[in-house]
Amino acid sequence: MQTLAVDHPLVAHKLTTLRDARTDSPTFRRLADELVTLLAYEATRDVRVAPVTVPTPLVETDGVQLANPKPLVVPILRAGLGMLDGMTRLLPTAEVGFLGMVRDEGTLQAQTYATRLPDDLSGRQCYVLDPMLATGGTLAAAIELLFDRGADDVTAICLLAAPEGLKHLEEAFAGTAAPIRVVTAAIDSHLNEQGFIMPGLGDAGDRLYGVV
């Protein structure tokens, strides 16, 4: 598994404002959207392309376009929805699937309550959107589901990650040959006793959409 914490001043600037408890939901949504686009730029460095010839106003020239099958973007509901526009802005031709998963706050285990994905993901590159990689249980369950349906390359984009979550993913997929990448704005210090990332930014879903 490869992990990339994006080192860029604009990423750090936007993340700092997201961490700030005084940042209101509209501003949080806008900055999360902008931050995801910056992370997606790094996350798609290995996106598959195919050669193509196009006419310029002067001559024909060689270039590339996204290869088939097109990438699949998978936000994990509900907080992952706040990352979708920022991702599809960079990959407008990608298809979008949805996973509804929730973490049991008692056991910290992920439970799936909704799935809207193609049954066959053979040969697909998938980009999973999950704002907070905390214990890693939710993301591991999502990646396993994608692999079970035939995906052969998965990249997770997270606003923040905890060392415990990254370790969990590494152990869960230690024997997996398919590429797995995690791209994040920062790797924070640790998880607290409740399983929240420290210093973190709070509950991403609540800060995006309010407490429901």
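The values are calculated or read from the model by the stated rules, or taken from the named source; none is laboratory data. Quick caveat, the model's predicted, so the values are computed rather than measured. Here the Cβ positions follow ideal geometry from the backbone for every residue, glycine too, while neighbour counts run over all protein chains shown. Ligands, DNA and RNA are stripped out before the accessible areas are found, and what is left, the full protein with its side chains, is counted by its heavy atoms. Shrake-Rupley method; radii C 1.70, N 1.55, O 1.52, S 1.80 Å.
If you go through region 75-91 and pick out every residue that is over 20 Å from LEU145 (Cα atoms) and small (Gly, Ala, Ser), you end up with 2. Looking only at residues in region 107-142 that are within 29 Å of ASN192 (Cβ to Cβ) and open to solvent by 70 Å² or more (accessible area, probe 1.4 Å), the one that is modelled with the lowest pLDDT is THR107. The condition of being closer than 16 Å to GLU95 by Cα, out of contact with any strand residue (DSSP E or B) (no Cβ under 8 Å at 6 or more places or on another chain) and either open to solvent by less than 40 Å² (accessible area, probe 1.4 Å) or not in a strand (DSSP E or B) (or both) does not hold for PRO75. Within the set of pairs 6 or more residues apart or between chains, which connect a residue that is within 19 Å of ALA156 (Cα to Cα) inside region 1-30 to a residue that is among the aromatic types (Phe, Trp, Tyr) and open to solvent by less than 80 Å² (accessible area, probe 1.4 Å) with Cβ atoms less than 7 Å apart? Qualifying pairs under 7 Å: MET1/PHE173.
Among the polar types (S, T, N, Q) and under 27 Å from THR16 (Cβ atoms): which single residue out of THR184, THR112 fits that description?
Just one listed residue meets the conditions, THR184.
Residues in region 151-170 that are open to solvent by 20 Å² or more (accessible area, probe 1.4 Å) and modelled with pLDDT of 95 or more: PRO163, GLU164, LYS167, HIS168, GLU170.
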